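Engineer: Before I ask anything, let me first share the structure, which is written out below as structure tokens.
The values are calculated or read from the model by the stated rules, or taken from the named source; none is laboratory data. The model shown is predicted, which means the values in this text are computed figures rather than measured ones. Methodologically, a virtual Cβ is constructed for each residue, glycine included, from the backbone with ideal geometry; neighbour enumeration extends over all protein chains shown. Ligands, DNA and RNA are stripped out before the accessible areas are found, and what is left, the full protein with its side chains, is counted by its heavy atoms. Shrake-Rupley method; radii C 1.70, N 1.55, O 1.52, S 1.80 Å.
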Amino acid sequence: MKTKNLCCFIFIFFVSFLSYARADGLSKDIFISNAWVQAMPSSQKISAAYMVITNNSPKEAILVSASSDIAATAEIHQMSEMNGMMNMAMAANVHVPAQGKVTLQPGGFHIMLINLKKPLNKGDIIPITLHFQDGSNITVNADVRGQ
Amino acid sequence: MFVANKIIFLIVLLGVCFSWVGCESQEKTSTGMDLGVINPQRDFTLHDQDGKIFHLKDHRGEVILLFFGYTSCPDVCPTTLSKLARVYSLLGMGTRQKLLTLFVTIDPQRDTPQKLKEYLQYFNINAVGLSGTKQEIDKVVDAYKAMYEKVDTNSSALGYMFDHTDYLYLIDKEGKTSYLFHPEDKAQDMAQIIKGL
Ligand SMILES: [Cu+2]
């Protein structure tokens, strides 16, 4: 009886681990963590998504685009300081170095969600799919955060 | 290069400060920039989010946090306002009630008073949205040596955007700008400085 329970536990553990891997990383070498979207008043039709992209492979990974069911358009943007002002511009891609990571964070890179189809409330989970140059896609569940 | 730009901007800003009043001492602290009590009052008049005239000089005795931004700003403005919500939560009731955040829109074309009000309410802080004609707003922007620039994003699905300075001006109870907070400043440290005023 005890052995059966243990087997059952191991099985469930294994299955949940598999589904985790499928949800968070198509390629076993790229992991997305701390994915979140800035909560916005419902009148706003835009927001930004942030996350950490970790690349455990010996090859550079290049994020080329993103998409989400929640927004008509998703673009890679980069904030930077220009002439003493913060400037936001589209970025063609984000290079994630081999055995390295890149943090998308306020003041740096973000995935801009444009023309939101519904309001983003704190605590909502937003799926965002990242498209890499090698053709791999990773869907990540980002949580909507306020303060 | 970005750091260099920032340093140049700060040097220019300091230079401006020096030329305003032959000031004695300025101290760069780890949080914000202490401008000392050397800045002249820079009063202004704009319209608030309820359509009423707003005079800064009517708010002596209150501590003011002044920010220039716009509601369709995706990164800097919500990040700053979210941080301010943390700052407010770290303050005692007395200080919190005497701390007024002023959000001056640089986008009067899209930011109607109603939109400003709804936007600021969302962040749950004691804030008033201010607007005016472009000329009126520019006068305030210039007085505080802030900067902004309209940018047409032709390749992006966005309409026009703004480049803008991301500083928060801390105005003391006498109406003098005593600190400049930067985006890197921590909420705890900002709250500490505000409590000290
Ligand atoms: Cu953006």
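Engineer: Which entries of A:101/B:83; B:52/B:115; A:45/B:139; B:52/B:134; A:117/B:134 show an alpha-carbon separation above 22 angstrom in the structure shown?
Structural biologist: Over 22 Å Cα-Cα: A:101/B:83; A:45/B:139; A:117/B:134.
Engineer: Could you state how much accessible area is buried at the B-A interface, both sides summed, with a 1.4 Å probe, in Å² to the nearest 100?
Structural biologist: So the total buried area for this chain pair works out to about 2700 Å².
Engineer: Straight-line reach from residue A:59: which aspartates and glutamates have Cα under 17 Å away, leaving out those fewer than 8 places along the same chain?
Structural biologist: Filter leaves A:29, A:134.
Engineer: Sticking with this one: Using a Förster distance of 41 angstrom, determine the FRET efficiency expected from the C-beta separation of residue A:56 and residue B:112, and round it to 0.05.
Structural biologist: Once rounded, the FRET efficiency stands at 0.25.
Engineer: Would you mind getting me the FRET efficiency between residue B:121 and residue A:133? Use the beta-carbon distance for r and R0 = 30 Å, nearest 0.05.
Structural biologist: For residue B:121 and residue A:133, the calculated efficiency is 0.10.
Engineer: Here's a follow-up. Less than 17 Å apart at the alpha-carbon level, and either on another chain or at least 8 residues along: which aspartates and glutamates does that give for residue B:98?
Structural biologist: Partners found: B:58, B:62, B:172, B:174.
Engineer: Solvent-accessible area per residue for region B:34-195 at a 1.4 Å probe radius, Å²?
Structural biologist: That works out to 40 Å² per residue.
Engineer: Are there residues in region A:67-97 whose accessible area shrinks by at least 20 Å² when all protein chains are included rather than the chain by itself, and which are they (probe 1.4 Å, ligands and nucleic acids not counted)?
Structural biologist: A:75, A:79, A:80, A:81, A:83, A:84, A:85, A:86, A:87, A:88, A:90
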